[in-house]
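A short worksheet on the structure shown next.
Values quoted throughout were computed directly from the atomic coordinates according to the rules given, and no laboratory measurement underlies them. These numbers come from a predicted model, not from an experiment. Glycine gets a Cβ as well: all are built from the backbone with ideal geometry, and neighbour counts include every protein chain shown.
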């Protein structure tokens, strides 16, 4: 949000604007068309008619990382794929969110001991917002993860100084300017 | 035809280097010398009675004395199958990174192309005169062949960490990079989960089940 990002005082007016903006942001989370392994099948079920993620505004996977807010990492990330995951994440515009879906992506899963080329959790490569465990998780579990992400996005302050981290960041900004 | 008849048929061709039929195994196999492998394969494919149209698997086994390369042939039209083995003995004085070599059968069965690349990728078996001989799944820069008994598990691939307790890339301090971990002994896996969660014998086995209360 440019220069106004977390610079306004935290009063009721700014808070109301933040709530409205947050509602808009959380209701249009655009995931990326991205699947690695078997968890992607469950992810496709979530996008399809039976579970219908479009009820929450996140139903149309975007075809390019530059249009996406959310990357769901569904499937085992191995050494060869980790480079690609990292590049896709770097291509996404901020603010960007990551859901780690499945046991492999949360911490190695069945490959934790003998997986010679498995990255033991995608959080070694990119920062993760929501972990959805399961092998693979039921579509309801992924939907729950996306609802949790919606809550998280809705709580974020866009304009107001709201939390300690924002205050510190603004203090730095004030000192420079 | 059953395996015995197929073996008799093979013997009747007059090719040397065809061993006995090992029918005590669940999947009866014939040990074949590497020098006649292509001729045997071509015969089994072209003969109207054997008519092996398909080579559906090529795999390899590492033993203490060398490598076995195993070929699974089957026939759709005749409803029979046969397993061929080529045994490559490890020469005296060769180190653990010795690479056995057998002739490629991709000129007889094109399906062998990717199977042989997989065996090179995972076990380090060389196939001579292969049309496209390179790794099939692992990156070209990968070091070693992971299904070898003496494989040393890597802790990183380039900058990608592979260990469970590695520090995430985005939390690292550029001025204070983490020290590379000690090279682990050959055959040691990357992580040892707690023994009570593991059924592997080398991790201590499964913990004894807790005693049930209320039963005498």
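Observations on the structure shown:
- Peptide B:176-185 is shielded by partner chain Cβ atoms: per residue, an average of 0 of them sit within 10 Å of its Cβ.
- Gyration tensor verdict on segment B:1-52 (Cα atoms; rounded if a/c is under 1.5, prolate if a/b is larger than b/c, oblate otherwise): oblate
- Using a Förster distance of 30 Å, the FRET efficiency for residue A:62-residue A:19 (Cβ separation, nearest 0.05): 0.70
- DSSP-defined beta bridges in the protein assembly as shown - what % are antiparallel, rounded to 5: 60 percent
- DSSP beta bridge pairing in segment B:1-142, given as percent antiparallel to the nearest 5: 80 percent
- With 5 Å bins from 0: P(r) over chain B, alpha-carbon pairs, percent: 1, 6, 11, 13, 13, 12, 10, 8, 8, 6, 5, 3, 2, 1, 0
- Overall Cα dimensions of segment A:43-114 - principal axes, largest extent first, Å: 40, 29, 17
- Within 10 Å of the Cβ of each residue in A:118-129, the mean number of Cβ atoms contributed by other protein chains is 4.
- Taking every DSSP beta bridge that has both ends in segment A:31-158, the antiparallel portion is near 10%.
- The protein assembly as shown - Kirkwood radius from inverse mean 1/r over Cα pairs (Å): 25.8 Å
- Segment B:87-145: translational diffusion in µm²/s, Stokes-Einstein, Kirkwood Rh over Cα pairs, 10 °C, 1.306 mPa s: 131 µm²/s
- From the alpha carbon centroid of segment B:48-81 to that of segment A:92-152 is 41 Å.
- Shielding by partners for peptide B:158-166, expressed as the average number of C-beta atoms from other protein chains within 10 Å of each residue's C-beta, is 6.
- Cα-Cα pairs of segment B:93-184 separated by more than 17 Å (percent): 61 percent
- Averaging 1/r over each pair of different alpha-carbon atoms in chain A and inverting the result gives 17.3 Å, the Kirkwood hydrodynamic radius.
- Counted residue by residue at 0.36 nm each, then reduced by the alpha carbon distance between them, the extension gain from residue B:59 to residue B:156 reaches 32.1 nm.
- Convex hull volume of segment A:74-115 per residue (C-alpha atoms, cubic angstrom): 61 Å³
- Helix axis angle, B:37-46 relative to chain B longest principal axis, alpha carbon, degrees: 60 degrees
- Distance histogram for segment B:55-130 (every C-alpha pair counted, 10 angstrom bins, percent rounded to whole numbers): 18, 51, 24, 6, 1
- Working note: 222 nm ellipticity from helices only, DSSP H runs with n ≥ 4, each -39,500 (n - 2.57), summed and divided by the residues of chain A, gives -12500 deg cm²/dmol to the nearest 500.
- R0 of 51 Å, Cβ-Cβ distance residue A:114-residue A:12: FRET efficiency to nearest 0.05: 0.35
- 0 to 90° range, to nearest 10: angle between helix A:79-91 axis and chain A longest Cα axis: 30 degrees
- GNM remark for chain A: springs join alpha carbons under 10 Å apart, and the peak mean-square fluctuation among A:89, A:111, A:97 falls on A:111.
- Computed from label points 7 Å out along Cα-Cβ, the spacing between residue B:126 and residue B:167 is 4.2 nm.
- Cα Rg over Rh - segment B:1-88, Kirkwood: 0.94
- Segment A:1-102 - percent relative contact order, Cα under 8 Å, separation 6 or more: 29 percent
- Max mean-square fluctuation residue, GNM over chain B, Cα-Cα springs under 10 Å, options B:11, B:45, B:117: B:11
- Dividing the mean sequence gap of close Cα pairs (under 8 Å, 6+ apart) by how many residues chain A holds gives a relative contact order of 29 percent.
- Under the simplified labelling scheme, the residue A:129-residue B:48 pair shows an inter-label distance of 7.0 nm, with each label point 7 Å from Cα along Cα→Cβ.
- If you run the Gaussian network model on chain A, springs between alpha carbon atoms under 10 Å, then out of A:112, A:46, A:73 the most flexible one is A:112.
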